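Engineer: Here's a structure for you.
The values are calculated or read from the model by the stated rules, or taken from the named source; none is laboratory data. All of these numbers come straight from a predicted model, not from anything done at the bench. With ideal geometry, Cβ positions are generated from the backbone for all residues, glycine too; neighbour counts draw on all protein chains shown. Surface accessibility is based on the protein's heavy atoms, side chains included, excluding ligands, DNA and RNA. Shrake-Rupley method; radii C 1.70, N 1.55, O 1.52, S 1.80 Å.
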Amino acid sequence: MNKIEHIGIAVSNLKEAMETYEQLLGTACYKLEEVESEGVKTAFFKVGESKIELLEASNENSPIAKFIAKKGEGIHHIAFDVTDIRESMKELAEKGFQLLNEQPKDGADNKLVAFVHPKSSNGVLVELCQEKP
Ligand code: ZN
């Protein structure tokens, strides 16, 4: 793992949360993106070397809708930058971590992503992400 790439925060109202985080971080959102396959609308902010990703559900079956129904708004996942996502997935699986994906998939912000089950990492959903070439 190279660094914390971003922290994902589940929000119920993206527009309002964006205004809050623009105030909090003192910087404007640099990218708005909908990932239809995941049922999310995302807004990214740069904070030094890392980013904040706000996530709003775009339909009621979205994992974000389920997360908010269960736990309320808050930190949803921590994403680590990796150099070779397939290699990292293989290594983690060999160490006994339970992965939620068998293959990397397209994520927001030009990334290949895969997730580690929170049961494997003390309740934290971990995202691996690799910048697409
Ligand atoms: Zn993420």
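Engineer: Could I have the simple spin-label model distance between Ala93 and His117, label points 7 Å from Cα toward Cβ, reported in nm to one decimal?
Structural biologist: So the two model labels end up 1.4 nm from each other.
Engineer: Measure nothing but the geometry: give the 0 to 90° angle between the long axis through the Cα atoms of 14-25 and the longest principal axis through the Cα atoms of the chain, rounded to 10°.
Structural biologist: Roughly 90 degrees between the two axes.
Engineer: Report, in degrees rounded to the nearest 10, the 0 to 90 angle that the Cα long axis of helix 85-94 makes with the longest principal axis of the chain.
Structural biologist: Helix 85-94 and the main axis of the chain meet at about 60 degrees.
Engineer: Still on this structure, please answer the following. Relative contact order of the chain: what whole-number percent is it, with Cα pairs under 8 angstrom and at least 6 residues apart?
Structural biologist: Values: 270 pairs, mean separation 33.4, N = 133.
Once divided by the residue count of the chain, the mean separation gives 25 percent.
Engineer: Here's a follow-up. Tell me the per residue accessible area of the range 1-129 using a 1.4 Å probe; a whole number in Å² is fine.
Structural biologist: Working: 7300 Å² over 129 residues.
On a per-residue basis, the range 1-129 sits at 57 Å².
Engineer: Can you give the charge dipole size of the range 6-133 about its Cα centre, rounded to the nearest 20 debye, using +1 on the beta carbon of Lys and Arg and -1 on the beta carbon of Asp and Glu? Provide the component values of the computation, followed by the final result.
Structural biologist: On the way: 15 positive and 22 negative charges, 65 e Å.
Charge dipole, the range 6-133, about its Cα centre: 320 debye, nearest 20.
Engineer: If you don't mind, another one. Of Val113, Leu100, Leu25, which is farthest on the positive side of the dipole of the chain, counting Cα position, with +1 on Lys and Arg Cβ, -1 on Asp and Glu Cβ, and the Cα centre as origin?
Structural biologist: Leu100
Engineer: Another one. In nm, give the distance between the simple-model label positions of Glu19 and Asp106, each being 7 Å from the Cα along the Cα-to-Cβ direction.
Structural biologist: 3.3 nm
Engineer: Among DSSP beta bridges lying fully in the chain, give the percent that are antiparallel, nearest 5.
Structural biologist: 75 percent
Engineer: How many percent of Cα pairs in the chain exceed 26 Å?
Structural biologist: Details: 1680 of 8778 pairs.
Tail of the P(r) past 26 Å holds 19 percent of the pairs.
Engineer: With a 1.4 Å probe and every protein chain left in place, tell me how much accessible area Phe67 has, in Å² to the nearest 10.
Structural biologist: Phe67 has an accessible surface of roughly 40 Å² with all protein chains in place.
Engineer: Roll a 1.4 angstrom probe over the protein heavy atoms and tell me the percent of accessible area of the chain that is carbon or sulfur.
Structural biologist: 49 percent
Engineer: Let me ask something additional. When DSSP assigns beta bridges and you keep just the ones with both residues in the range 75-133, what percent turn out antiparallel, to the nearest 5?
Structural biologist: Details: 10 of 14 bridges.
That works out to approximately 70 percent antiparallel.
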